[in-house]
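The values are calculated or read from the model by the stated rules, or taken from the named source; none is laboratory data. The shown structure was predicted, so the numbers you read here are calculated from the model rather than taken from an experiment. Here the Cβ is made from the backbone with ideal geometry for all residues, glycine too, and neighbour counts use every protein chain on show.
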Amino acid sequence: NAGVTQTPKFRVLKTGQSMTLLCAQDMNHEYMYWYRQDPGMGLRLIHYSVGEGTTAKGEVPDGYNVSRLKKQNFLLGLESAAPSQTSVYFCASSETGTSYVHEQFFGPGTRLTVL
Amino acid sequence: AQKVTQAQTEISVVEKEDVTLDCVYETRDTTYYLFWYKQPPSGELVFLIRRNSFDEQNEISGRYSWNFQKSTSSFNFTITASQVVDSAVYFCALTPSVSSARQLTFGSGTQLTVLP
C-alpha cells in the first residue's frame, strides 16, 4: 500500500512555463484535495474533488486547473507559472462518510520554485 | 467562514519538559470536527487526532493529550515529557460536519523545537 504519492518531488520552472503535478492514491478514496503550503500560512486548499469526473474550487484556485479523470488520480496544472506560485504542494485523499468525517491522508509534497 | 488560530509561531523547550500547543477556532457551524497533524522535518503530514464537536471528553494517547473546550472554542494539545523526536510543526485544522467535501481549514502551525 503506497498510500498517496506525488510526482515530481521537486521542480524548477521559469515564469510562463506550464507543468502538471500528478497525485495518485491506492486507497480507493472518493475525496481528493490539492493544498499549497507557504511559510507562516499553514495549508490552503486550491481545488478538490468529491469523485471521479468532479472538481471544485477551494480557497486559492486562481492560476491552477485540475482534472480527475480516474478515481485514483488527481492532476494539478499550472498553465503559466508565476513566482507567486513558488510553494510546497500537497495532495491528500480521504474516505467519504455520511455521519463521520475521516482524516485526510497526505502525500509527501512537491517543492516547486518559479524563477 | 471558518478560522483557526495558532498564536504560538515557535516554541522551544528542553527535553522532558511538558509543552502545550494552543488552538483556537471560529465557526458558525453547530457541528464540526477538529484535527491535529504533525509535520516533522521530513515534510510529510501525519494525522494525530480527530475530535467531534459533540464529544468534549479529553483524550490521552501515551505522552499526548488533548483538551477540547467548546465554551472557549479551543482544542489544545499537550506533550508530556517531550522528546527530541517531537520536534516538528504542528497544525490544528477544522471542518464542518455537514460539508459535502470535508474541506479542512488549517491554522498557520506551531514550530516546536525540543532541545536535548
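Data table
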quantity: Residues that are within 14 Å of the chain's Cα centre (by Cα), of a type outside the set (S, T, N, Q) and closer than 17 Å to B:Thr31 by Cα, drawn from segment B:63-91; calculated: B:Phe68, B:Phe75
quantity: Strands (runs of 3 or more DSSP E) within segment A:4-111 that include 1 or more residues among the acidic types (Asp, Glu) and farther than 23 Å from B:Gln111 by Cα; calculated: none
quantity: Selection status of A:Tyr64, aromatic (Phe, Trp, Tyr), more than 11 Å from chain B (Cβ to nearest Cβ), touching a strand residue (DSSP E or B) at 6+ places or on another chain (Cβ under 7 Å) and over 21 Å from B:Pro41 (Cα atoms); calculated: yes
quantity: Some residue of segment B:24-33 being in contact with a strand residue (DSSP E or B) (Cβ under 8 Å, 6 or more places away or on another chain), charged (D, E, K, R) and closer than 30 Å to A:Gly58 by Cα; calculated: yes
quantity: Given (1) within 28 Å of B:Pro41 (Cβ to Cβ); (2) in contact (Cβ under 8 Å) with a residue 40 or more places away in the chain; (3) out of contact with any Asp or Glu (no Cβ under 7 Å at 6 or more places or on another chain); (4) away from chain B (no Cβ under 11 Å), index of the condition A:Asp38 fails; calculated: (4)
quantity: Sole exception among (1) within 22 Å of B:Val46 (Cα to Cα); (2) at pLDDT 95 or above; (3) away from chain B (no Cβ under 14 Å) for A:Asn1, by number; calculated: (2)
quantity: Filter pass, A:Tyr64 being surrounded by 15 or more Cβ atoms within 10 Å (Cβ to Cβ) and either modelled with pLDDT under 95 or more than 22 Å from B:Lys38 (Cα to Cα) (or both); calculated: yes
quantity: Strands (runs of 3 or more DSSP E) completely within segment B:41-86 that count 3 or more residues being in contact with an Asp or Glu (Cβ under 9 Å, 6 or more places away or on another chain); calculated: B:46-52, B:64-69, B:74-79
quantity: Subset of segment B:50-106 (residues that are buried (at least 20 other Cβ atoms within 10 Å of the Cβ), hydroxyl-bearing (Ser, Thr, Tyr) and more than 30 Å from A:Gly51 (Cα to Cα)); calculated: B:Ser82
quantity: Which numbered condition A:Tyr100 fails, given (1) of a type in the set (Ser, Thr, Tyr); (2) exposed (fewer than 14 other Cβ atoms within 10 Å of the Cβ); (3) under 15 Å from the mean Cα position of the chain (by Cα); calculated: (3)
quantity: Check on A:Arg44, basic (Lys, Arg), within 12 Å of the chain's Cα centre (by Cα) and surrounded by 13 or more Cβ atoms within 10 Å (Cβ to Cβ); calculated: yes
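Conditions (1) within 14 Å of another protein chain (Cβ to nearest Cβ); (2) of a type in the set (D, E, K, R); (3) over 22 Å from A:Ala92 (Cβ atoms), marked per residue:
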residue	(1), (2), (3)
B:Ala1	yes, no, no
B:Ala7	yes, no, yes
B:Tyr25	yes, no, no
B:Phe35	yes, no, no
B:Glu59	no, yes, yes
B:Val84	no, no, yes
